[in-house]
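Enquirer: Before I ask anything, let me first share the structure, which is written out below as structure tokens.
The values are calculated or read from the model by the stated rules, or taken from the named source; none is laboratory data. Fair warning: this is a prediction, and the values are worked out from it, not measured in the lab. Ideal geometry is used to build each Cβ from the backbone, glycine not excepted, and the neighbour counts take in all protein chains shown. We work out accessible area using only protein heavy atoms, side chains counted, and drop any ligands, DNA or RNA first. Shrake-Rupley method; radii C 1.70, N 1.55, O 1.52, S 1.80 Å.
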Amino acid sequence: MSNATAIDRVMAWEALDSRGTPTVACEVRVAGGAVGTATVPSGASTGAHEARELRDGGERYAGRGVQQAVSNVERILGPAVHGHDARDQAGLDATMRQLDGTPNLGRLGANAILAVSIATARAAAAAANVPLHRYLAADGDPLLPMPMINIVSGGAHAGGAVDVQDFLIVPVGAESFAQAIEWAWRVRRATASVASERGLIAVLVADEGGLGPSLPSNRAALELLASGIARAGLQPGAEVAIAIDVAATQFVQGNHYHLAAEDRTVDAAGLLEELAEWRASYPIVSLEDPVGEDDWDGWRDASTRWATDLQLLGDDLFATDLQRLERGIDMGVANAVLVKPNQSGTLSGAKAVVIRAHEAGYATVVSARSGDTEDDWLADLAVGWRAGQIKVGSLTRSERTAKWNRLLRIEKEAGGRAVFAGRAALGRRRT
Ligand code: PGA
Ligand code: ZN
């Protein structure tokens with residue numbers, strides 16, 4: 001029998017993401033006729049250590065076009081992987097990485113390579129006639145991730161309303177994924193109503209579907225969120241806790257951090273002190289990027305202080321890169337890793353980070369990007385890799401709800417076999 005899972009045809013096209021910016025979409029067909037598609041996301045608060053997406057430059061789409069990346073899929077990557085067994089993901093990804101030849105995949109484009117990588121996994125799953133999460137899972141029952149849901153946005157996602165990028169909730173007391181989503185809906189609605197009572201414009205949504213009100217300080221955003229949790233009738237801390245993505249890389253200024261919303265400049269110690277004060281006042285369970293992506297000393301201080309009882313989540317710090325994660329493990333920095341497949345550029349690269357993180361006792365949070373699409377493969381990755389947590393933005397806008405809806409369906413389909421990761425999924429150093 002000829003190999004039904006041999007890659008037979010690879011097609012790509014330029015699509016639009018949720019910000020209306022061009023992105024790469026791809027379809028892979030295998031010899032047996034099964035097909036997989038994938039559309040890749042794109043960040044705004046991109047770190048320096050991420051894999052590089054290829055953009056055309058020039059006038060078209062103000063330089064953001066991806067025709068070159070599309071052409072690289074069809075003329076270079078496609079022919080190179082023709083005949084390759086779609087089930088051999090690691091081999092496929094290694095071939096594409098070699099073909100690119102640069103550490104950050106900037107020659108052919110991480111957007112081009114990731115599109116082929118994920119579309120191929122989808123085609124292999126379709127050929128096996130199983131859902132993607134089942135194809136990706138070695139065995140075991142589906143593990144539904146604890147969601148981290150954006151309620152109030154700032155930073156690069158909300159026109160710089162406040163400096164801190166994301167104020168999120170973690171429904172730590174929920175007993176199922178569906179209940180976690182319903183609680184989050186209550187908090188989002190209650191927070192919007194508190195905001196409008198205070199005369200804040202709360203109808204405008206930020207890039208990830210959260211509220212982006214203009215506020216006098218970062219602390220005011222926390223206070224607003226805490227009021228929303230209380231208004232929703234949910235117990236702060238016991239039922240619904242708070243997570244913050246400081247995204248501090250965005251406001252690094254030399255050796256300092258510039259809080260533009262408050263017109264203040266602090267050093268790393270000052271920033272950590274500020275976060276400690278917030279923590280004393282609000283039920284915070286997770287801090288993402290509390291200092292900048294290259295501030296390893298600041299990260300070490302934060303970890304010495306908090307790693308045993310607070311999730312310390314590295315996004316720009318690790319950039320879904322195995323070598324950076326190894327350095328973090330060596331230094332005892334952080335206790336959780338944000339996993340964004342497009343920071344890595346291949347499915348295998350992102351998976352390797354999840355596996356190594358779990359080995360080292362680090363938690364993992366699979367994450368969408370601020371520029372995302374209606375595609376829902378991320379939800380299957382979270383379940384199949386048993387990531388434990390997922391971060392997708394807020395509960396409005398279809399590129400966000402696509403992932404939540406996919407998880408709601410997976411939970412329903414699994415019935416009694418569905419296991420919800422719950423609060424135990426959060427990172428903590430256990431020594
Ligand atoms: P980005 O934001 O996609 O704009 O990088 C998401 C995050 O920082 O977690
Ligand atoms: Zn982040």
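Enquirer: Kindly indicate the residue of segment 330-363 that is crowded, with 19+ Cβ neighbours inside 10 Å and among the β-branched types (Val, Ile, Thr) and also farthest from Pro103 (Cα to Cα) among those meeting that condition.
Expert: Filtering first and then ranking leaves Val333.
Enquirer: Also: Restricting to segment 151-200, and then to whatever is open to solvent by 10 Å² or more (accessible area, probe 1.4 Å) and hydroxyl-bearing (Ser, Thr, Tyr), can you tell me which residue is farthest from Leu408 (Cα to Cα)?
Expert: Here the residue is Ser196.
Enquirer: Does Val337 satisfy the condition of being within 13 Å of the chain's Cα centre (by Cα), within 16 Å of ligand 1 (Cβ to nearest atom), among the hydrophobic types (A, V, I, L, M, F, W, C) and not assigned by TED's automatic domain parsing to the domain that holds Ala94? First the steps, then the outcome.
Expert: Numbers: within 13 Å of the chain's Cα centre (by Cα): yes; within 16 Å of ligand 1 (Cβ to nearest atom): yes; among the hydrophobic types (A, V, I, L, M, F, W, C): yes; not assigned by TED's automatic domain parsing to the domain that holds Ala94: yes.
In short, yes.
Enquirer: For the structure I just gave you, tell me whether Thr249 is under 13 Å from Leu395 (Cβ atoms), assigned by TED's automatic domain parsing to the domain that holds Ala421 and either in contact with a Cys (Cβ under 7 Å, 6 or more places away or on another chain) or open to solvent by less than 40 Å² (accessible area, probe 1.4 Å) (or both). It would help to see each step written out before you state the result.
Expert: Details: under 13 Å from Leu395 (Cβ atoms): no; assigned by TED's automatic domain parsing to the domain that holds Ala421: yes; either in contact with a Cys (Cβ under 7 Å, 6 or more places away or on another chain) or open to solvent by less than 40 Å² (accessible area, probe 1.4 Å) (or both): yes.
Criteria not met by Thr249.
Enquirer: Quick check: is even one residue across segment 150-168 touching a residue at least 24 places away in the same chain (Cβ under 8 Å), more than 16 Å from ligand 1 (Cβ to nearest atom), within 21 Å of Thr401 (Cβ to Cβ) and assigned by TED's automatic domain parsing to the domain that holds Glu277? Give the steps one after another, and end with the answer.
Expert: Just the residues of segment 150-168 that are touching a residue at least 24 places away in the same chain (Cβ under 8 Å), to begin with: 150-168.
Then keep just the ones that are more than 16 Å from ligand 1 (Cβ to nearest atom); that gives none.
Looking through segment 150-168, none of the residues is touching a residue at least 24 places away in the same chain (Cβ under 8 Å), more than 16 Å from ligand 1 (Cβ to nearest atom), within 21 Å of Thr401 (Cβ to Cβ) and assigned by TED's automatic domain parsing to the domain that holds Glu277.
Enquirer: Which residues, counting only those in segment 286-336, are within 13 Å of ligand 2 (Cβ to nearest atom) and of a type in the set (A, V, I, L, M, F, W, C)?
Expert: Listed by number, the residues that qualify are Leu287, Val291, Leu312, Leu313, Leu317, Phe318, Ala319, Ala334, Ala336.
Enquirer: Considering segment 235-279 alone, what residues qualify as being part of a helix (DSSP H, G or I), within 16 Å of ligand 2 (Cβ to nearest atom) and more than 23 Å from the chain's Cα centre (by Cα)?
Expert: Here is the first cut: in segment 235-279, the residues part of a helix (DSSP H, G or I) are 248-251, 260-262, 268-279.
Subsequent filtering for residues that are within 16 Å of ligand 2 (Cβ to nearest atom) retains 248-251, 271, 275.
Once the filter is applied, which keeps residues that are part of a helix (DSSP H, G or I), within 16 Å of ligand 2 (Cβ to nearest atom) and more than 23 Å from the chain's Cα centre (by Cα), segment 235-279 yields only Leu271.
Enquirer: Condition first: over 25 Å from the mean Cα position of the chain (by Cα) and open to solvent by less than 60 Å² (accessible area, probe 1.4 Å). Now tell me which residues in segment 64-75 satisfy that.
Expert: Ser71, Asn72
Enquirer: Quick one: Gly292 ticks every box in (1) in contact with a Phe, Trp or Tyr (Cβ under 8 Å, 6 or more places away or on another chain); (2) open to solvent by 60 Å² or more (accessible area, probe 1.4 Å) bar one, so which box is it?
Expert: Of (1) in contact with a Phe, Trp or Tyr (Cβ under 8 Å, 6 or more places away or on another chain); (2) open to solvent by 60 Å² or more (accessible area, probe 1.4 Å), only one is false for Gly292: (2).
Enquirer: Which helices (runs of 4 or more DSSP H) does segment 121-234 wholly contain that include 3 or more residues that are basic (Lys, Arg)? Explain how you work it out, then say what you get.
Expert: Working: elements: 132-136, 177-197, 218-231.
Passing ranges, in order: 177-197.
Enquirer: Which one of these is farther than 22 Å from Val285 by Cβ, modelled with pLDDT of 95 or more and in the same structural domain as Ala174 (by TED's automatic domain parsing): Thr265, Thr191? Reasoning before the result, please.
Expert: Working: Thr191 fails: farther than 22 Å from Val285 by Cβ.
Of Thr265, Thr191, the one residue that is farther than 22 Å from Val285 by Cβ, modelled with pLDDT of 95 or more and in the same structural domain as Ala174 (by TED's automatic domain parsing) is Thr265.
Enquirer: Can I ask one more? Could you go through segment 381-396 and let me know if any residue there is over 25 Å from Val333 (Cα atoms), among the aromatic types (Phe, Trp, Tyr), assigned by TED's automatic domain parsing to the domain that holds Gly210 and within 16 Å of the chain's Cα centre (by Cα).
Expert: Checked segment 381-396: no residue is over 25 Å from Val333 (Cα atoms), among the aromatic types (Phe, Trp, Tyr), assigned by TED's automatic domain parsing to the domain that holds Gly210 and within 16 Å of the chain's Cα centre (by Cα).
Enquirer: Another one. In segment 17-46, what residues are open to solvent by 20 Å² or more (accessible area, probe 1.4 Å), under 22 Å from the mean Cα position of the chain (by Cα) and touching a residue at least 40 places away in the same chain (Cβ under 8 Å)?
Expert: Ser18, Arg19, Thr21, Thr37, Thr39, Ala44
Enquirer: Same structure again: Being under 23 Å from Thr120 (Cβ atoms), crowded, with 24+ Cβ neighbours inside 10 Å and small (Gly, Ala, Ser) is the filter here; which residues of segment 385-431 pass it?
Expert: Residue satisfying the conditions is Ala387 alone.
Enquirer: Another one. Within segment 392-409, can one find any residue that is within 14 Å of ligand 1 (Cβ to nearest atom), part of a loop (DSSP other than H, G, I, E, B) and of a type in the set (A, V, I, L, M, F, W, C)?
Expert: No, every residue in segment 392-409 fails to be within 14 Å of ligand 1 (Cβ to nearest atom), part of a loop (DSSP other than H, G, I, E, B) and of a type in the set (A, V, I, L, M, F, W, C).
Enquirer: So, one more: For segment 378-400, check the following and say yes or no: at least one residue is touching a residue at least 40 places away in the same chain (Cβ under 8 Å) and among the acidic types (Asp, Glu).
Expert: The answer is yes, given that some residue of segment 378-400 is touching a residue at least 40 places away in the same chain (Cβ under 8 Å) and among the acidic types (Asp, Glu).
Enquirer: Do you know which of the residues in segment 138-150 that are open to solvent by 20 Å² or more (accessible area, probe 1.4 Å) and over 19 Å from the mean Cα position of the chain (by Cα) is farthest from ligand 2 (Cβ to nearest atom)?
Expert: Applying the first criterion (open to solvent by 20 Å² or more (accessible area, probe 1.4 Å)) to segment 138-150 yields 138-141, 143.
Retained after the next criterion (residues that are over 19 Å from the mean Cα position of the chain (by Cα)): 138-141.
Working: Ala138: 28, Asp139: 31, Gly140: 29, Asp141: 30 Å.
Looking at residues that are open to solvent by 20 Å² or more (accessible area, probe 1.4 Å) and over 19 Å from the mean Cα position of the chain (by Cα), I get Asp139.
Enquirer: Next question. Between residues in segment 70-96 that are of a type outside the set (Phe, Trp, Tyr) and residues that are open to solvent by 40 Å² or more (accessible area, probe 1.4 Å) and in a strand (DSSP E or B), which pairs lie under 6 Å by C-beta distance while being six or more apart or on different chains?
Expert: Note: pairs meeting the criteria are Val70/Glu14.
Enquirer: I would also like to ask the following. So for segment 3-18 (the condition being within 26 Å of Gly159 (Cβ to Cβ), of a type in the set (S, T, N, Q) and not in a loop (DSSP other than H, G, I, E, B)), does at least one residue qualify? Let's see the steps before the verdict.
Expert: The initial filter retains those residues of segment 3-18 that are within 26 Å of Gly159 (Cβ to Cβ), namely 15-18.
Narrowing the set further to residues that are of a type in the set (S, T, N, Q) leaves 18.
Next, only the ones that are not in a loop (DSSP other than H, G, I, E, B) stay: none.
There is no residue in segment 3-18 that is within 26 Å of Gly159 (Cβ to Cβ), of a type in the set (S, T, N, Q) and not in a loop (DSSP other than H, G, I, E, B).
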